[in-house]
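The values are calculated or read from the model by the stated rules, or taken from the named source; none is laboratory data. Computed from a prediction, not measured in an experiment: that's the story for all the values here. For neighbour counting, all protein chains shown are included, and Cβ atoms are generated from backbone atoms with ideal geometry for every residue, glycine included. Heavy atoms of the whole protein, side chains included, go into the accessibility calculation; ligands, DNA and RNA do not. Shrake-Rupley method; radii C 1.70, N 1.55, O 1.52, S 1.80 Å.
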Amino acid sequence: MSMISEALVILRSIKPAGLLVFLAVLISLAAFPLVVESPYAHHIMILIFLSVIMGQSWNILGGYTGQYSVGHAAYFGTGAYTTMMLMQYQQVPPWFGMFAGAATAIAMALIIGSICFRLRGPYFVLASIAAAEILRLSALNTKELTNGAEGILATDIPPLKIGSLVVTDFLTKVPFYYTALVFALLIIAVTCIVQHSKLGFYFQAIREDQDAAHSLGINLNLHKNLSLAISAAFTSLAGSFYAVYIGFIDPTTVLSMDMSVQIVLICIIGGIGTIMGPVVGSLVLVPLSEALRSNLITQGLISAGLVSEESPVGAFLKENLAHAHVLIYGILVVVVILYMPEGVLGFVRNMVRARERSNS
Amino acid sequence: MAILELRHVSKFFGGLAANSDVSFALEEGMIKGLIGPNGAGKTTLFNCITGYYPTSRGEIFFKGNPITGLQPDRVCRLGMVRTWQKVRPLVKMSVLDNVMVGALCRTNSLSAAREIAMEQLRVVGLDPKSGFIAEGLPIGERKKLEMARVLATKPELLLLDEVMGGLNPAESEEIIQLILDIKQRGITQMVIEHDMKAIMRISDRIVVLNSGEKLAEGTPAEIVSNQEVVDAYLGESHA
């Protein structure tokens, strides 16, 4: 009964205009692959959805509960490896494998959580990094299980069937597009539900002040572990999806600290502890990273006529800018963190507020 | 019946005895003042009672049951809750949300918690500011917020750690009235306070701590005429 009345309160708080925008976005996202045929565009959208899933998962633990894990590669990698190993060695279709991956990630989360949550602040951060590194080294060294540094290559993905009817054989990117979109919407919905529930209040109270939360009847260990379990389950789904989509995993990609940092950055850039934060972060980071990687800047400069392709400068840029994409990416991230400490979303919000104030 | 009983409670930090063999009982419905010089171990005692510190020795009973070693969240659910000397608002959350966090201790429904929270905000007079972000409140209102938040947990025993510290006389008077109102509602209170006029006025009985030990216990009148207490803490003007 109370669940229904809560749901009604949430529904009533949604503004009609917001609902319309949401529906419009939803419909255009659903129609996107039907209208745009370029596989590269599909690929970019899939990467954005994947990034939203990763960022939003981390957001539940880092943004709402205030526990800054820099070891989420542990859960991403757990999902990726569980799904891939089941698929490659046991012929288990990934649609089952990913749930096995999520269950394994939850078990892993509870073990890591019960150890690391004894620590607070920077010590928790360090412990979470260490936990992920232990997993990475284990994956590197248990060659008979994980194939070590050589990684696992998916040779064929079992088609998705209902009975004998083949729904899709996953030869195009479109089924991946819809799968990723559904996962992204699911994690956003879960975040919304958490935010408007007792759990969300308790998570945020822990973020704001652990001791005060503890004194108000909040079981810190239970709620931190709950938050981590939800976060880990969805991070592992992202990992499973990544493994099947890319078709190859190895410890240095799915279990690396780079991956952990990447996950955190999505939220820091977008805005921590808000539903839209990871979405904005993904919309900024994924296209930026892709543009730098494929050297769109040089191409842009050349086609705008600012730099000639034959000139020494143009040749230099064309030759080197693509190699420097990680460097430029890093510099841009530092600039955003310095000048937008609350993320892009917080920055925009503050600007809007400042304008309203100067108008009134 | 005693709602809270301390038996020979000691707390050592290394070789330092912050509390040493403290015993007293707290009668239901009473206001107990806890006074003593800075560093006498008043807040440490609160931390021991509410489970923030494990006691080094001794036992604590709440409503007749041993609670020694219980975590603060369990203690709160049993009906004992404390405020903090240095207030701890959940700064990025609204005033109402702060109090709702307390109320959710007794209910799983957000709408029920919202009602309880609004009711307690009215009690402390903060209801017009329910939508404000806690970060923006001045100290007087932060103290009231702290009071509303602990009241929302439906406690039977409140431990108030210097709720008048840093307040002007008018604000202090409001808090005094609030404490007396809470007493009227049958909630037992233990109050740490440095404002002697206030503590003498509201307390039914007073415990004096000095260097971690219980120096004296009695009615306010007995305490002000106790020569040891006057020498250790009060000074001649109160005698």
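Observations
- Taken together, A:Ala130, A:Ala184, A:Ala213 contain a single residue that is over 30 Å from A:Tyr40 (Cα atoms), away from every other protein chain (no Cβ under 14 Å) and either assigned to a helix (DSSP H, G or I) or modelled with pLDDT under 95 (or both), which is A:Ala130.
- Residues (β-branched (Val, Ile, Thr) and surrounded by fewer than 22 Cβ atoms within 10 Å (Cβ to Cβ)) located in region A:90-130: A:Val92, A:Thr104, A:Ile106, A:Ile111, A:Ile115, A:Val125, A:Ile129
- Residue that is farthest from the chain's Cα centre (by Cα) [pool: residues in region A:187-210 that are open to solvent by less than 10 Å² (accessible area, probe 1.4 Å) and more than 10 Å from chain B (Cβ to nearest Cβ)]: A:Phe203
- For region A:146-172, the candidate set comprises residues that are open to solvent by 100 Å² or more (accessible area, probe 1.4 Å) and among the hydrophobic types (A, V, I, L, M, F, W, C); within that set, the residue that is nearest to A:Ala74 (Cα to Cα) is A:Leu153.
- Looking only at region B:190-213, residues that are closer than 18 Å to B:Gly41 by Cβ and buried (at least 21 other Cβ atoms within 10 Å of the Cβ) come to 10 in all.
- Picking from residues in region B:64-98 that are surrounded by fewer than 19 Cβ atoms within 10 Å (Cβ to Cβ), of a type outside the set (D, E, K, R) and outside any loop (DSSP other than H, G, I, E, B), the one that is farthest from the other protein chains (Cβ to nearest Cβ) is B:Pro66.
- Among the residues making up region A:340-360, a single one is closer than 13 Å to A:Gly281 by Cα and of a type in the set (D, E, K, R): A:Glu342.
- In region A:172-181, the qualifying residues are those that are touching a residue at least 24 places away in the same chain (Cβ under 8 Å) and assigned to a helix (DSSP H, G or I), and the one that is farthest from the other protein chains (Cβ to nearest Cβ) is A:Val174.
- Applying the criterion of at least 1 residues that are farther than 25 Å from B:Leu78 by Cβ, touching a residue at least 24 places away in the same chain (Cβ under 8 Å) and assigned by TED's automatic domain parsing to the domain that holds B:Leu121 to the helices (runs of 4 or more DSSP H) found wholly in region B:139-210 leaves B:139-151.
- Looking only at region B:28-63, residues that are crowded, with 16+ Cβ neighbours inside 10 Å and at positive phi come to 5 in all.
- Any hit, region A:194-201, residues being farther than 16 Å from A:Met98 by Cβ and without any contact (Cβ under 8 Å) to a residue 24 or more places away in the chain: yes
- Among the residues making up region B:99-113, a single one is among the polar types (S, T, N, Q) and more than 8 Å from chain A (Cβ to nearest Cβ): B:Thr107.
- Residue in region A:36-52 that is modelled with pLDDT under 95 and of a type in the set (Ser, Thr, Tyr) present: yes
- One residue from B:Ile139, B:Ile116 being β-branched (Val, Ile, Thr), away from chain A (no Cβ under 11 Å) and surrounded by 15 or more Cβ atoms within 10 Å (Cβ to Cβ): B:Ile116
- Restricting A:Tyr68, A:Tyr81 to residues that are farther than 25 Å from A:Gln204 by Cα and either among the aromatic types (Phe, Trp, Tyr) or open to solvent by 10 Å² or more (accessible area, probe 1.4 Å) (or both) narrows the list to A:Tyr81.
- Some residue of region B:144-151 being open to solvent by 10 Å² or more (accessible area, probe 1.4 Å), within 11 Å of chain A (Cβ to nearest Cβ) and modelled with pLDDT of 95 or more: no
- Comparison of B:Glu174, B:Glu228, B:Glu156 shows that the only residue that is out of contact with any helix residue (DSSP H, G or I) (no Cβ under 6 Å at 6 or more places or on another chain), farther than 30 Å from B:Asn98 by Cβ, open to solvent by 10 Å² or more (accessible area, probe 1.4 Å) and acidic (Asp, Glu) is B:Glu228.
- Residues in region A:303-328 that are surrounded by 16 or more Cβ atoms within 10 Å (Cβ to Cβ) and either in contact with a Gly (Cβ under 6 Å, 6 or more places away or on another chain) or aromatic (Phe, Trp, Tyr) (or both): A:Val307 only.
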